[in-house]
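The values are calculated or read from the model by the stated rules, or taken from the named source; none is laboratory data. Predicted model only: the values in this text are computed from it and were never measured. Note: ideal-geometry Cβ built from the backbone for every residue, glycine included; neighbour counts use all protein chains shown. Heads up: the accessible areas ignore ligands, DNA and RNA and are worked out on the full protein's heavy atoms, side chains in. Shrake-Rupley method; radii C 1.70, N 1.55, O 1.52, S 1.80 Å.
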Amino acid sequence: MLSYILKNSLSLPSSTQPAGIYIHIPFCIRKCPYCDFYSTIDISLQSAFLDALTREMQLTRNDALRFDTLYIGGGTPSVLGVGRIGRIIESTRSQFHILSNAEITVEVNPGTVNPHKLKDYIDSGVNRINIGVQSFQDANLNFLGRLHTGKSAKLAVKQAQNTGFNNIGLDLVFGLPGQTRTDWLLDLRQAVELEPAHLSCYILSYEPETPMDRDRKAGRFQPLPEQRVSDLFETTLAFLSNHGYHQYEISNFARSIPGDSEPFRSRHNRKYWSFVPYIGLGPSAHSFFGKTRYWNHRNTGKYIKNLEAGRLAVAEKEGLNREQLMMEAIYLGLRQTQGIFIDAFNKQFGISFKDTFEEMTTHLEGKGLIRLSQNRCALTSKGMLLLDSIASMFV
Ligand code: SF4
């Protein structure tokens, strides 16, 4: 276990570790007012997008890497018609070396899946499904501008279970205006009653330029005060821990099975936090290789046009220098409950973490925001809510 974590915590990308593939399906039926992920409601672009995606795979083909995760996200991948996810997986397998034990995830939204589609996913090799539930309460779903109801969210989970999925993740959102502890516990209880393998509990954030952020700025509602958000976060940690869910990242919890807390953690997402290379395909998707990060245009038309012309749709590329990599290592390490492995950090960057950041870590420890031990530096639950500002203090 420890050797696995050490190997995966702070090492720079190396082709000896299996890499990951992310495919961004850029379609949604409607835009949710709080969302700043790239997607379009112009579903008519589906066929051209799928052709462009195949072309992008051919141009990106990499025989040197092996992949043990494929994550099809978005957007709403489940808006694609039956058979299309299967064809995407087939094309991916034909261009990349996908290992036989790969974790293959598809994100779905309630109301856009049915038993037929889910069976098609399983037959295509999908072995993990992530359902965008957000809440089981219709009033919350209305506020979030979601198209589904609490009832259809439960139905989607049941259908996935009945189809044979045992690795099911649910996304939930909390910290809504006026939300009380009792309200939030109602969602958490309904979630654990469904016995998903994984739960992601995100704090509602007001992303700049989203309709919800504009409404907030215009005073159309009052966001939940920070202290109450923090109480709900503590409630989440206590409740999920009491119900057998192990927190491994600020927002992510996996069901433990006796003697093993690993099996249901998202193998794919852990690559993002551990400097393992990943290839992103589709509009707005990010890729990370060696010390280079690049990302595609956030525009489906532009993406298609580039690929039709036989060019990759890369919008920008950035090389990370040693300082940037160090800061990323701190930020990504602190996101995870395991924290930063100090020996690995020292070895990687040729400095002493404890000496370099002594003043800061003493200050943060005194405030109860981090826990420092012989070989680890991790955030406390109080510190987790301040990740961005704490990480920026190391700059
Ligand atoms: S369905 Fe998901 S990706 Fe689409 S707009 Fe809503 S939150 Fe964003």
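Can you give the extra length, in nm with one decimal, that the chain gains between TYR206 and LYS291 once fully stretched, where that is 0.36 nm per residue apart less the Cα-Cα distance?
Working: separation 85, 0.36 × 85 = 30.60 nm, distance 3.08 nm.
Additional length available on full extension: 27.5 nm.
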Subject >> Accessible area (Å², per residue) of the chain, counting only protein heavy atoms and a probe of 1.4 Å >> reply: 44 Å²
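Please compare each pair in LYS31/LYS151; LYS217/LYS291; LYS31/LYS302; LYS154/LYS302; LYS154/LYS271 to a cut-off of 27 Å on the Cα-Cα distance and tell me which ones are over it.
On the way: LYS31/LYS151 21 Å; LYS217/LYS291 38 Å; LYS31/LYS302 20 Å; LYS154/LYS302 37 Å; LYS154/LYS271 30 Å.
From LYS31/LYS151; LYS217/LYS291; LYS31/LYS302; LYS154/LYS302; LYS154/LYS271, over 27 Å: LYS217/LYS291; LYS154/LYS302; LYS154/LYS271.
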Original post:
Where does the Debye-calculated log10 I(q)/I(0) of segment 81-168 sit at q = 0.16, 0.23, 0.26 Å⁻¹, using only Cα point scatterers of equal weight, no solvent?
Top reply: -0.65, -1.07, -1.25
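Could you work out the percent of alpha carbon pairs in segment 134-198 separated by over 16 Å, rounded to a whole number? Don't skip to the end; give the middle numbers.
Values: 920 of 2080 pairs.
Beyond 16 Å sits 44 percent of the P(r) for segment 134-198.
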Original post:
In debye, nearest 20: dipole of segment 288-395 around its Cα centre with unit charges on the Cβ of K, R (+) and D, E (-)?
Top reply: 440 debye
**OP:** Keeping the other protein chains in place, figure out the carbon and sulfur percent of the accessible area of the chain, with a 1.4 Å probe.
**Re:** 50 percent
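Per residue, how big is the convex hull around the C-alpha atoms of the chain? Give it to me in cubic angstrom, could you?
Details: hull volume 56.9 nm³, N = 395.
Dividing the Cα hull volume of the chain by its residues yields 144 Å³.
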Subject >> Set of aspartates and glutamates near LYS119 by C-alpha distance (under 18 Å), chain-local residues within fewer than 8 positions excluded >> reply: GLU90, GLU103, GLU107
Original post:
From a point 7 Å beyond the Cα of ILE122 in the direction of its Cβ, which residues of segment 159-194 have a backbone N at a distance under 12 Å?
Top reply: 159-167
Subject >> the chain - Cys residues lacking any other Cys C-beta under 4.7 Å >> reply: CYS28, CYS201, CYS377
**OP:** Would you be so kind as to identify which of PHE233, ILE104, ILE351 lies farthest towards the positive end of the dipole of the chain, taking Lys and Arg as +1 and Asp and Glu as -1 on Cβ and the Cα centre as origin?
**Re:** ILE104
Subject >> THR40 long-range amide H proximity, modeled H, under 5 Å >> reply: PHE27, CYS28
**OP:** Please state the charge dipole magnitude for the chain, taken about the Cα centre, from unit charges on C-beta atoms (+1 on K and R, -1 on D and E), reported in debye and rounded to the nearest 20.
**Re:** 540 debye
Subject >> Of LEU224, LEU70, MET393, farthest towards positive along the dipole that unit charges on Lys, Arg, Asp, Glu beta carbons give the chain >> reply: LEU70
Original post:
Sequence-distant or interchain residues sharing an amide H contact under 5 Å with GLU103, placed H: which?
Top reply: THR69, LEU70
Original post:
Each residue of segment 335-348 in order: what ³J(HN,Hα) in whole Hz does its phi give by Karplus 6.51 cos²θ - 1.76 cosθ + 1.60, θ = phi - 60°, with x for Gly and Pro?
Top reply: 5, 8, 5, 5, x, 8, 8, 5, 4, 5, 4, 4, 5, 5
Original post:
When the Karplus curve 6.51 cos²θ - 1.76 cosθ + 1.60 is applied with θ = phi - 60°, which whole-Hz ³J(HN,Hα) does each residue of segment 114-125 get, with x for Gly and Pro?
Top reply: 8, x, 4, 5, 5, 5, 4, 4, 4, 5, 8, x
Subject >> Normalised contact order of the chain, rounded percent, pairs of Cα under 8 Å and 6 or more residues apart >> reply: 18 percent
Subject >> Global size of segment 46-96 as Cα Rg and Dmax, reported in angstrom >> reply: 11.3, 33
**OP:** Quick one: check the C-alpha center-to-center distance for segment 100-121 versus segment 162-213, whole angstrom.
**Re:** 19 Å
Subject >> Distant-in-sequence amide H partners of ILE370 (H built 1.01 Å from N, under 5 Å) >> reply: GLU365, THR380
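What length, rounded to one decimal in nm, is gained on full extension from ASP36 through to LEU387, with 0.36 nm per residue of separation minus their alpha-carbon distance?
Values: separation 351, 0.36 × 351 = 126.36 nm, distance 2.01 nm.
Fully extending the segment from ASP36 to LEU387 adds 124.4 nm.
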Subject >> Which of ALA315, MET326, THR300, positive extreme of dipole for segment 299-368 (C-beta unit charges) >> reply: THR300
Original post:
At q = 0.17, 0.25 Å⁻¹, what log₁₀ I(q)/I(0) does a Debye calculation on the Cα points of segment 189-250 give, no solvent, two decimals?
Top reply: -0.73, -1.04
**OP:** Run through all the Cα pairs of segment 51-207 and give the fraction in each 5 Å bin from 0, expressed as whole percent.
**Re:** 2, 9, 18, 20, 17, 13, 11, 7, 4, 1, 0
**OP:** Let me know the charge dipole size of segment 34-129 about its Cα centre in debye, to the nearest 20, where only the beta-carbon of Lys, Arg (+1) and Asp, Glu (-1) is charged.
**Re:** 200 debye
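Per residue, what volume in Å³ does the convex hull of the Cα atoms of segment 231-387 enclose?
Numbers: hull volume 24.0 nm³, N = 157.
Dividing the Cα hull volume of segment 231-387 by its residue count gives 153 Å³.
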